[in-house]
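Visitor: Below you will find the structure I want to go over with you.
Coordinate-derived values only; no laboratory data. Given the structure is predicted, the values throughout are model-derived calculations rather than measurements. Ideal geometry is used to build each Cβ from the backbone, glycine not excepted, and the neighbour counts take in all protein chains shown.
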Amino acid sequence: MTSAAERSHIADPTLAPEGDLAIEWAKLHSPVVDGFLRDRLSDGALAGRRVAVVVHLEAKTAFLATVLADAGAEVVVAGSNPFSTKDEVAAALVERNVEVHSTQNSGYEAWEKDLLAVADTGPEFIIDDGAELTIRMAEFRPDLFAELKGVTEQTTTGVARLRSLEAAGRLPFPTLAANDAACKHLFDNRYGTGQSTVQAMLNLTNMLMPGKRVAIVGYGWVGRGLATYVRAMGGHALIIEVDPVKALEAFMDGHVVAPYAEALPQADFVITATGGKRAIGPDHFDLLKPGVILANAGHHDLEVDVESLDEQSTSARRVREGIDRFLWNGDKAVFVLANGALVNIAGGLGHPVEIMDLSFAVQGVGCHELARGGYPTGVSVISPDLDAEIAAAKLAAHGITLDTLSSDQLDTVDLD
Ligand SMILES: NC(=O)c1ccc[n+]([C@@H]2O[C@H](COP(=O)([O-])OP(=O)(O)OC[C@H]3O[C@@H](n4cnc5c(N)ncnc54)[C@H](O)[C@@H]3O)[C@@H](O)[C@H]2O)c1
C-alpha cells in the first residue's frame with residue numbers, strides 16, 4: 001500500500017508546520033466536533049469506511065477530516081472551490097496521513113482533475129459542499145456513483161442540486177441535507193457568512209463601512225446575515241429580492257428594498273447571495289455606479305458574471321491582492337473581489353471557527369447516521385431531536401444550561 005503522501009496531489013509538503021498550527025487553533029475552538037461528534041463516532045460505525053470530504057479546504061475542514069480519520073474512516077480530501085484551498089493546511093493533513101488532492105488557486109481544469117482523483121478512490125460516503133463531487137461522479141463516474149452509500153451536503157445550492165437529481169430519478173442512495181438542519185443554516189448561513197463576508201470585503205479593500213450603501217442581492221439566510229453585519233458596521237443595506245415574502249421580511253427588518261434599477265446606481269458595494277447564476281450579469285453592468293466594488297457570497301462563482309464583465313470591458317487588471325479592476329464604457333471602473341468566488345472563503349479566513357464547529361458537527365453526525373443505515377433513498381434531513389442534541393452540546397460548551405418545562409407549565413387538553 002502506498003503512503004498518503006505518495007497518493008496525494010498538493011502544492012508543497014514543507015508547509016505542513018504552518019498548517020498544523022492552523023488545525024490546532026481550529027481544534028481549540030471546536031468543542032462540539034472534538035467532543036460530541038468524537039463520542040458518537042466512537043461506536044465504530046465509520047471504521048474502515050471510505051469517506052470523501054469535499055469542502056473548502058482550510059483548517060476547520062481539515063480538523064473534521066482528522067476526527068473522521070481518528071474514528072477509523074479512510075478519508076480522502078479535496079477542496080470544493082479552485083480558489084479557496086490553503087496549501088499549508090493540505091500539507092499538514094498529508095503529514096497526518098490523510099490523502100489530499102487540492103492546490104490553492106489551481107484553476108478550474110486542475111480542480112476538476114483533483115475531484116475525479118477523489119472519485120476514483122471509490123468513496124462510500126461523501127461529505128460534500130455544493131454537491132461538487134456528487135454531480136461529477138453522477139456524470140463522469142456513473143459506475144462508482146452507483147456504489148455510493150450516502151452523501152451529506154453542506155449548502156443551499158448543493159441541496160438544490162441533490163433534489164434535481166432526485167426529481168430526475170438519478171439519486172439511488174440516501175442523502176442528508178445538512179444545510180436544512182437548524183444547527184446549520186440558522187447559524188452558518190446567517191451569522192457565519194454575514195460576519196466573515198463583511199470582514200473579508202473590508203480587509204481586502206482596507207475601506208470603511210460607515211456611510212456606505214451596500215446592495216445585497218438575495219434576502220435568504222445569507223442575505224439576512226449580510227444585512228445585519230452591514231448595518232452593525234454603520235453601512236446601509238439596499239435589498240434586491242424577487243420573492244415577495246422575503247422582500248417583506250427585509251422591509252420589516254428595517255432595510256430599504258428596491259429593484260436593481262434603483263439600488264445599483266447608488267450602491268458602493270454589491271454583494272450577491274442568491275444561489276443562482278448572473279445575479280449581476282450583462283443586464284446590470286450599465287446600472288452600476290462608477291467605482292463600485294462587487295463581491296459574491298453565494299456558492300456559484302457565476303453569481304457575478306466576471307467572464308462577461310471581462311469580455312465587455314476595455315481593460316482589466318489586478319490593482320491589489322484579491323481585487324481586479326474592469327473598465328466599462330471606456331472609463332467607468334468596476335472592481336471585483338476574489339475573482340467572483342465566495343469572498344469570505346477565497347478572499348478571507350472563512351466562517352468563524354465556532355460556527356463551523358456547529359456545521360461540521362451536523363455534517364459529521366450526518367455521515368455517521370448514513371453509515372449506521374436506515375435512511376430512505378433520496379434527500380432527508382436529520383431528526384429535530386438530533387438537531388436539538390447538537391444545539392445542547394454547543395450550549396454546554398458555552399457553559400449554558402437550560403430549564404425544562406414542569407408538569408404545571410404544560411398546557412394540555414383533558415379529553416374525557
Ligand atoms: N459564502 C458562504 O460561506 C456561504 C454559506 C452558506 C451558504 N452559501 C450560499 O449562499 C447562497 C444563498 O444561500 P441562502 O441559504 O441564503 O439561500 P436562500 O435560498 O435562503 O436565499 C436565496 C434568496 O435569493 C433570492 N434570489 C434568487 N435569485 C435572485 C435574483 N436574481 N435577484 C434577487 N433575489 C434573488 C431568492 O428569492 C431567495 O430569497 C447559496 O448559494 C448558498 O449555497 C454561502
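Visitor: Any chance you could check the Cα centroid distance between the range 321-389 and the range 124-193 for me, in angstrom?
Guide: Value for the Cα centre distance between the two parts: 12 Å.
Visitor: Which order, highest average first, do 111-117, 404-410, 176-182 follow once you tally other Cβ atoms within 10 Å for each residue and take the mean per peptide? Present the calculation step by step, with values, prior to reporting the outcome.
Guide: On the way: 111-117: 19.3, 404-410: 6.7, 176-182: 23.9.
Going from most to least packed, we get 176-182, 111-117, 404-410.
Visitor: At a threshold of 8 angstrom on Cα-Cα distance, excluding pairs fewer than six apart, so keeping six or more, what relative contact order does the chain reach in percent?
Guide: Over the chain, the number comes to 17 percent.
Visitor: Could you work out which residue, out of ARG190, ARG372, ARG50, moves most in a Gaussian network model of the chain, that is, has the largest mean-square fluctuation with Cα springs under 10 Å?
Guide: ARG372
Visitor: Using +1 on the beta carbon of Lys and Arg, -1 on that of Asp and Glu, and nothing else charged, what's the dipole of the chain about the Cα centre, debye to 20?
Guide: The dipole of the chain has a size of about 880 debye.
Visitor: Something else: Only Cα pairs within less than 10 Å get springs; with that Gaussian network setup on the chain, which residue of VAL343, VAL89, VAL306 has the largest fluctuation?
Guide: VAL306
Visitor: If you don't mind, there's one more thing I want to ask. Working out 0.36 nm times the residue gap between ARG278 and LYS149, then minus their Cα-Cα distance, what length gain in nm do you get to one decimal?
Guide: Values: separation 129, 0.36 × 129 = 46.44 nm, distance 3.42 nm.
Length gained, ARG278 through LYS149: 43.0 nm.
Visitor: At a Cα cut-off below 20 Å, give the aspartates and glutamates reachable from LYS394, other chains included and same-chain residues fewer than 8 away excluded.
Guide: Correct list for LYS394: GLU24, ASP34, ASP39, ASP180, ASP188, GLU354, ASP357, GLU369, ASP385, ASP403.
Visitor: While we're here: Would any residue of the range 61-86 have its amide N under 18 Å from a label point 7 Å out along Cα→Cβ of ARG372? List them or say none.
Guide: Residues 68, 71-73 fall inside that zone.
Visitor: Would you mind calculating the gained length between ASP243 and ASP70 on full extension (0.36 nm times residue separation, minus the Cα-Cα distance), in nm to one decimal?
Guide: Taking 0.36 nm per residue and subtracting the Cα distance, the gain is 57.8 nm.
Visitor: Going 7 Å from the Cα of GLU139 along its beta-carbon direction, which residues of the range 162-178 have the amide nitrogen within less than 15 Å of the resulting point?
Guide: Residues 162, 164-165 qualify, since their backbone N sits under 15 Å from the label point.
Visitor: Please compute the length gained on full extension between TRP25 and VAL256, using 0.36 nm multiplied by the number of residues separating them and subtracting their Cα-Cα distance. Walk me through the numbers on the way to the answer.
Guide: Details: separation 231, 0.36 × 231 = 83.16 nm, distance 3.92 nm.
Residue separation times 0.36 nm, minus the Cα-Cα distance, leaves 79.2 nm.
Visitor: By per-residue mean of other Cβ atoms within 10 Å, what is the highest-first order of 286-294, 394-402?
Guide: So the order, starting with the most tightly packed, is 286-294, 394-402.
Visitor: Moving on. Among the lysines, select those whose C-alpha is under 25 Å from the C-alpha of LYS212, and discard any that sit fewer than 8 residues away in the same chain.
Guide: Excluding near neighbours in sequence, the set is LYS246, LYS289, LYS332.
Visitor: Mind scanning LYS86/LYS184; LYS27/LYS86; LYS60/LYS86 and naming the pairs with a C-alpha gap bigger than 21 Å?
Guide: In this structure, LYS86/LYS184 exceed 21 Å between Cα atoms.
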